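Trainee: This structure is in structure tokens; I'll ask about it shortly.
The values are calculated or read from the model by the stated rules, or taken from the named source; none is laboratory data. Every value quoted in this text rests on a predicted model; they were computed, and no experiment measured them. Here the Cβ positions follow ideal geometry from the backbone for every residue, glycine too, while neighbour counts run over all protein chains shown.
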Amino acid sequence: MSGADKRESERKPSLNLLDYVLLDPEGKPYNRAMARTLNVSEKGILLETHMEIPPGQMMLITLGLDDDLVEIKGRVTHSECCRTDAEKCCAGIEFLEMTDNDRRVLRRYLRAFNDENGKA
């Protein structure tokens, strides 16, 4: 990816593993896998995966934050080979649906991450 950063919210580096489920056009699960979170914000997440996921693909993400699990529905906005490892893919995911509680947990995680890295 090149050019100016067009994100609406700042991304925080994060190296968590997560579970995701790809959804067919009717919203039914058809493939489950693990991914590594490269960074995360309130609006989306960048994942490192072992397969390319096409833009527009809908997915359900389960992300562990501290002792809480956050379930978020998202859509792939872009996907490409990772710069550091051509055998892995990087996919940008836009968050579409999450509960109010999941949003609170995600915000708490982002605040804690900022505190840990001196970016209060």
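Trainee: Answer yes or no: is there a residue in the stretch 99-119 that is closer than 19 Å to Asn16 by Cα, of a type in the set (S, T, N, Q) and in a strand (DSSP E or B). If you could, list the steps in order and put the result at the bottom.
Mentor: Of the stretch 99-119, the ones closer than 19 Å to Asn16 by Cα are 102-117.
Still in the running and of a type in the set (S, T, N, Q): 114, 117.
Narrowing further to those that are in a strand (DSSP E or B): none.
No, the stretch 99-119 has no match at all.
Trainee: Something else now. List every residue pair whose Cβ atoms lie under 7 Å apart, where the two residues are 6 or more positions apart in sequence or sit on different chains, the first residue falls within the stretch 48-64 and is within 10 Å of Cys89 (Cβ to Cβ) and at pLDDT 95 or above, and the second residue, located anywhere, is of a type in the set (D, E, K, R) and not in a loop (DSSP other than H, G, I, E, B).
Mentor: none
Trainee: I want to confirm something. Restricting to the stretch 34-80 and keeping residues that are out of contact with any Gly (no Cβ under 9 Å at 6 or more places or on another chain) and of a type in the set (Val, Ile, Thr), which single residue is nearest to Met98 (Cα to Cα)?
Mentor: Among them, the one singled out is Ile72.
Trainee: Of all the residues that make up the stretch 32-60, how many are part of a strand (DSSP E or B) and loosely packed, with under 13 Cβ neighbours inside 10 Å? Step through it out loud before you land on a result.
Mentor: Step one: of the stretch 32-60, the residues part of a strand (DSSP E or B) are 32-40, 44-49, 58-60.
Those left that are additionally loosely packed, with under 13 Cβ neighbours inside 10 Å: 32, 34.
Qualifying residue count for the region: 2.
Trainee: With Arg75, Arg83 as the choices, which residue is more than 16 Å from Ala33 (Cβ to Cβ), more than 13 Å from the chain's Cα centre (by Cα) and either free of Cβ contacts under 8 Å to residues at least 40 places away in the same chain or outside any strand (DSSP E or B) (or both)?
Mentor: Working: Arg75 fails: more than 13 Å from the chain's Cα centre (by Cα).
When all the criteria are applied, what remains is Arg83.
Trainee: Looking at the structure I just gave you, is Glu26 modelled with pLDDT of 85 or more, among the acidic types (Asp, Glu), touching a helix residue (DSSP H, G or I) at 6+ places or on another chain (Cβ under 9 Å) and part of a loop (DSSP other than H, G, I, E, B)? Full working, then the answer.
Mentor: Numbers: modelled with pLDDT of 85 or more: yes; among the acidic types (Asp, Glu): yes; touching a helix residue (DSSP H, G or I) at 6+ places or on another chain (Cβ under 9 Å): no; part of a loop (DSSP other than H, G, I, E, B): yes.
No, not satisfied.
Trainee: Would you tally the residues in the stretch 63-98 being among the β-branched types (Val, Ile, Thr), out of contact with any helix residue (DSSP H, G or I) (no Cβ under 9 Å at 6 or more places or on another chain) and more than 12 Å from Ile45 (Cα to Cα)?
Mentor: So in the stretch 63-98, the residues among the β-branched types (Val, Ile, Thr) come out as 70, 72, 76-77, 84, 93.
If we keep only those that are out of contact with any helix residue (DSSP H, G or I) (no Cβ under 9 Å at 6 or more places or on another chain) as well, we get 76-77, 84, 93.
Of the ones still in play, those that are also more than 12 Å from Ile45 (Cα to Cα) are 84.
Summing the residues that are among the β-branched types (Val, Ile, Thr), out of contact with any helix residue (DSSP H, G or I) (no Cβ under 9 Å at 6 or more places or on another chain) and more than 12 Å from Ile45 (Cα to Cα) in the stretch 63-98 gives 1.
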